[in-house]
Amino acid sequence: SDPGQMTSRMDVNTRKTKLGVAVVGSESSWRAANTESIKNAAGQDLNIDLIMQNAEGSQDKQIEIIRNFIKQKVDVIAFTPIVETGWDNVLAEAKAAGIPVILTDRKVKVEDDSLWTTFIGSDFVEEGRRAARWVVEHKPVAGETKIVELQGTAGSAPAIERRQGFDEVLSQNAGFRVIASEIGDFTTESGQQLMSKVLQQGTVPQVVFAHNDDMALGAIKAIEQAGLKPGKDVVVISVDATKLAFQAMLAGKLNMSVECNPLLGPQIIKAAKELATGKEIPVNIITAESIFSQETAKRDVSTRKY
Ligand code: GYE
């Protein structure tokens, strides 16, 4: 065969894959674990050349980072879209440049789904359902159970979908009412502020559902500041199941956390390499997850990796 052609094919197979990763921010301990996981997986792979940049919670900045990746002619782009919408243009630019895009952990809503190749992450709707099913099974009072929801970043896939799954299961069961649903940003500070505000208004719910552990930890502080016992006077549940959540469960302050696994690095690196060589990969790569409660926290804390 044509020797020239052989060389170029070999080039593709031996050249490092240049992977541009646009991290969404540093809002939570989940995010810290996720960022580390990607760095580590890339660091262990001699065939990956990682360029990682942090958008610090700004969509504009994230778009700018992606545009720079396109300019630098990376082989693959992976990013966690801070919110679901507003990506059509920049993703069309990546497509026009022939650069495949991996959505890591959060999804997008775009007109044309061929603008991204694969989603690697969790089923957030199911996470919301799991939280609600636990509340239904552990109904704290005989009458109506009043619930306060602390939402993550407005317009983000995990906030939208956790809320959707939670509502779905509650609406199928009598005796539960979400009396307030406040919008935060997945940080401990926002959880504390929102919960203080709710309590200052004189509302004491039986259950707080926070969209992530960091917000739950903030809510726990606010509940304590109000002279109440988190985990007892007010049941607190959340999502992620980080080490800090396990500690709070062992202290009896957090009642339950739905698992959301941030350790996506190895899958992202694998997908990036496959896409760089033109391989077809699944549209959705969904992480298998469960829930953890105070009863099992003691057993599981020692093996917790994030
Ligand atoms: O639950 C939260 C983080 O997108 C799944 O973002 C992620 C969420 C996670 O800040 O802690």
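Within the stretch 145-162, restricting attention to residues that are over 19 Å from N255 (Cβ atoms) and away from the ligand (no atom under 12 Å from the Cβ), the residue that is surrounded by the fewest Cβ atoms within 10 Å (Cβ to Cβ) is A154. D167 meets each of the listed conditions (1) away from the ligand (no atom under 13 Å from the Cβ); (2) among the acidic types (D, E); (3) within 23 Å of E295 (Cβ to Cβ) apart from (3). Looking only at residues of the stretch 266-281 that are surrounded by fewer than 24 Cβ atoms within 10 Å (Cβ to Cβ) and under 20 Å from the mean Cα position of the chain (by Cα), we find that the one that is farthest from the ligand (Cβ to nearest atom) is K270.
Here S190, S196 are screened, and the one residue that is out of contact with any Asp or Glu (no Cβ under 9 Å at 6 or more places or on another chain) and more than 21 Å from K139 (Cα to Cα) is S196. Only residues that are among the small types (G, A, S) and either crowded, with 24+ Cβ neighbours inside 10 Å or within 18 Å of E137 (Cα to Cα) (or both): list them for the stretch 223-243, please. Within the stretch 223-243, G231, S238, A241 meet the criteria.
Which ones in the stretch 287-299 are part of a helix (DSSP H, G or I) and surrounded by fewer than 15 Cβ atoms within 10 Å (Cβ to Cβ)? Within the stretch 287-299, E295, T296, K298, R299 meet the criteria.
Restricting to the stretch 84-103, what's the tally of residues that are under 22 Å from G155 (Cβ atoms), among the small types (G, A, S) and surrounded by fewer than 22 Cβ atoms within 10 Å (Cβ to Cβ)? Lay out the reasoning, then the answer.
First pass over the stretch 84-103, keeping only residues under 22 Å from G155 (Cβ atoms): 84-94, 101-103.
Still in the running and among the small types (G, A, S): 86, 92, 94.
From the residues that got through so far, the ones that are surrounded by fewer than 22 Cβ atoms within 10 Å (Cβ to Cβ) too are 86, 92.
Of the residues in the stretch 84-103, 2 are under 22 Å from G155 (Cβ atoms), among the small types (G, A, S) and surrounded by fewer than 22 Cβ atoms within 10 Å (Cβ to Cβ).
Within the stretch 34-60, being in a helix (DSSP H, G or I) and within 16 Å of the ligand (Cβ to nearest atom) holds for N34, T35, E36, S37, I38, Q59. Which residue is nearest to the ligand (Cβ to nearest atom), if the candidates are limited to the stretch 19-33 and must be part of a strand (DSSP E or B) and of a type in the set (A, V, I, L, M, F, W, C)? Here the answer is V23. In the stretch 61-80, is there at least one residue being within 16 Å of the ligand (Cβ to nearest atom), buried (at least 18 other Cβ atoms within 10 Å of the Cβ) and either closer than 30 Å to V169 by Cβ or modelled with pLDDT under 95 (or both)? So far as the stretch 61-80 goes, yes, one or more of its residues are within 16 Å of the ligand (Cβ to nearest atom), buried (at least 18 other Cβ atoms within 10 Å of the Cβ) and either closer than 30 Å to V169 by Cβ or modelled with pLDDT under 95 (or both).
Against the definition (surrounded by 24 or more Cβ atoms within 10 Å (Cβ to Cβ), out of contact with any Leu (no Cβ under 8 Å at 6 or more places or on another chain) and of a type outside the set (G, A, S)), how does M256 come out, yes or no? If you could, list the steps in order and put the result at the bottom.
Details: surrounded by 24 or more Cβ atoms within 10 Å (Cβ to Cβ): yes; out of contact with any Leu (no Cβ under 8 Å at 6 or more places or on another chain): yes; of a type outside the set (G, A, S): yes.
Against the criterion (surrounded by 24 or more Cβ atoms within 10 Å (Cβ to Cβ), out of contact with any Leu (no Cβ under 8 Å at 6 or more places or on another chain) and of a type outside the set (G, A, S)), M256 qualifies.
The values are calculated or read from the model by the stated rules, or taken from the named source; none is laboratory data. Remember, it's a predicted structure, so these values are computed and weren't measured experimentally. In this analysis, Cβ positions are derived from the backbone assuming ideal geometry, glycine residues included, and neighbour counts consider all displayed protein chains.
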